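This report concerns only the one structure given below.
The values are calculated or read from the model by the stated rules, or taken from the named source; none is laboratory data. Just so it is clear, the structure is predicted and the values come from calculations on it, not from any experiment. Backbone-built Cβ (ideal geometry, glycine too); neighbour counts: all protein chains shown. These accessible areas exclude ligands, DNA and RNA; they are computed on the full protein's heavy atoms, side chains included. Shrake-Rupley method; radii C 1.70, N 1.55, O 1.52, S 1.80 Å.
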Amino acid sequence: MLKKINETAEFLLGKTKCQPKAAIILGTGLGGLVDEIAIEQSISYADIPNFPISTVEGHAGRLIFGEIKGVKIVAMQGRFHYYEGYSMQEVTFPVRVMHQMGIKNLFVSNASGGLNPDFKVGDIMIISDHINMFGANPLIGKNLAELGPRFPDMSEPYSKKLISQALSIGEKNNISLKQGVYVGTSGPTFETPSEYKMFRILGADAVGMSTVPEIIVARHMDMPCFGISIITDSGVPGQIVEVSHEEVQKVAAAAEPKMTQVMKELVASL
Ligand code: HPA
């Protein structure tokens, strides 16, 4: 595993002169940040050795190297989801590789269903903590001791420093930002009304099908993390309506400029 990770990291370092400071994983309908990147190089996942083979039809994902406001970054346009049938190790492989490339910070975005009754569809939530309800964990199996401990601490999964910086960016730019706990679940089904209710009782403010695996692996390697979620539909009793992937994409795309602004300024502050 470590051999493959290092092989891929070396391949990518050989392809680009860019030494990024941060990795950004772009979620559903949230690819617009790409327009803010001064792109130096873009590599299709299919051309990266050891990268999981994309099962998604149509446009395959790509890694984009470039700069945002003068800060070097690498962005993953398209992520691997557990519900697509990838193993947890495959889902998190790119995070391992980016860490081995010397990248210090991980930023992620996603779309989620709102559980907190104070949230509205279209709201932006900074992820303050998460609950792993995938029924799996990417660290199960032999520990990669060179990369992190057998029993990693998870007391600060999302960097308090980055959260407070993001909150002041929101204030300065008049962007209202909520904060809350993200519960990650395998999907691909959206929740039943009773499942939404259960996740709320468990202490979550939003529910989605990604992010948790990547954050676990990043924290295993002690990378500071930042996550932001767009509330694309409501799981609040009395507000639940039929939800589709198309609707999720539409709402995410509409809220995206504000999220992009926060991400951009936050990256610039690194
Ligand atoms: N549930 C799970 N994942 C999601 C949702 C949801 O309601 N909305 C967007 N991703």
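Given the criteria assigned to a loop (DSSP other than H, G, I, E, B) and under 16 Å from V108 (Cα atoms), does E156 qualify? Walk me through it before giving the result.
Details: assigned to a loop (DSSP other than H, G, I, E, B): yes; under 16 Å from V108 (Cα atoms): yes.
So E156 passes the test.
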Report summary line: Subset of the stretch 218-252, residues hydroxyl-bearing (S, T, Y) and either touching a residue at least 40 places away in the same chain (Cβ under 8 Å) or within 9 Å of the ligand (Cβ to nearest atom) (or both), comes to S229, T232, S234
Query raised in the report: Any idea which residue in the stretch 169-183 is nearest to D123 (Cα to Cα), counting only those that are away from the ligand (no atom under 16 Å from the Cβ) and charged (D, E, K, R)?
Result: E171
Query raised in the report: On the given criteria, is I215 more than 10 Å from the ligand (Cβ to nearest atom) and either hydrophobic (A, V, I, L, M, F, W, C) or within 18 Å of the chain's Cα centre (by Cα) (or both)?
Result: yes
Requested in this report: For S186, work out the one condition from (1) in contact with a strand residue (DSSP E or B) (Cβ under 9 Å, 6 or more places away or on another chain); (2) over 22 Å from P117 (Cα atoms); (3) hydroxyl-bearing (S, T, Y); (4) away from the ligand (no atom under 16 Å from the Cβ) it doesn't fulfil.
Outcome: (4)
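One residue is enough: does the stretch 192-205 have a residue meeting the conditions on the phi > 0 side of the Ramachandran plot and either buried (at least 19 other Cβ atoms within 10 Å of the Cβ) or within 14 Å of the ligand (Cβ to nearest atom) (or both)? Show your work before the answer.
Here is the first cut: in the stretch 192-205, the ones on the phi > 0 side of the Ramachandran plot are 203.
Right, trim to either buried (at least 19 other Cβ atoms within 10 Å of the Cβ) or within 14 Å of the ligand (Cβ to nearest atom) (or both) and you get none.
Within the stretch 192-205, not a single residue is on the phi > 0 side of the Ramachandran plot and either buried (at least 19 other Cβ atoms within 10 Å of the Cβ) or within 14 Å of the ligand (Cβ to nearest atom) (or both).
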Report task. Output the residues belonging to the stretch 129-139 that are aliphatic (A, V, I, L, M) and not in a strand (DSSP E or B). Result -> A136, L139
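Listed here are the residues, each with its yes/no results for (1) at pLDDT 95 or above; (2) within 30 Å of E191 (Cβ to Cβ); (3) part of a strand (DSSP E or B).
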site	(1), (2), (3)
V97	yes, no, no
I103	yes, no, no
N116	yes, yes, no
I127	yes, yes, yes
G141	yes, yes, no
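For the stretch 212-257, which residues satisfy the criterion of being closer than 16 Å to G31 by Cβ and surrounded by 18 or more Cβ atoms within 10 Å (Cβ to Cβ)? Show your work before the answer.
The initial filter retains those residues of the stretch 212-257 that are closer than 16 Å to G31 by Cβ, namely 228-230, 232, 245-246, 248-257.
Within the stretch 212-257, I228, S229, I230, T232, V248, V251, A252, A255, E256 meet the criteria.
When you look at G208, is it within 13 Å of the ligand (Cβ to nearest atom), touching a residue at least 40 places away in the same chain (Cβ under 8 Å), under 17 Å from the mean Cα position of the chain (by Cα) and surrounded by fewer than 24 Cβ atoms within 10 Å (Cβ to Cβ), yes or no? Can you show your working first?
On the way: within 13 Å of the ligand (Cβ to nearest atom): yes; touching a residue at least 40 places away in the same chain (Cβ under 8 Å): yes; under 17 Å from the mean Cα position of the chain (by Cα): yes; surrounded by fewer than 24 Cβ atoms within 10 Å (Cβ to Cβ): no.
Here the answer is no, as G208 does not meet what is asked.
Taking the stretch 103-143 as the search range and keeping residues that are open to solvent by less than 30 Å² (accessible area, probe 1.4 Å) and more than 16 Å from the ligand (Cβ to nearest atom), which one is nearest to E195 (Cα to Cα)? Spell out the reasoning first.
Looking only at the stretch 103-143, we keep the residues that are open to solvent by less than 30 Å² (accessible area, probe 1.4 Å), and these are 103, 105-116, 119, 122-127, 130, 134, 136, 138-139.
Add one more test, that the residue is more than 16 Å from the ligand (Cβ to nearest atom), and what stays is 103, 105-107, 126, 136, 138-139.
Values: I103: 37, N105: 33, L106: 29, F107: 28, I126: 22, A136: 18, P138: 24, L139: 26 Å.
Here the residue is A136.
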Report summary line: Sole miss for S234 among (1) farther than 28 Å from I37 by Cα; (2) within 16 Å of the chain's Cα centre (by Cα) is condition (2)
Query raised in the report: Tally time: how many residues in the stretch 88-117 are out of contact with any Asp or Glu (no Cβ under 6 Å at 6 or more places or on another chain) and within 18 Å of A46 (Cα to Cα)?
Result: 8
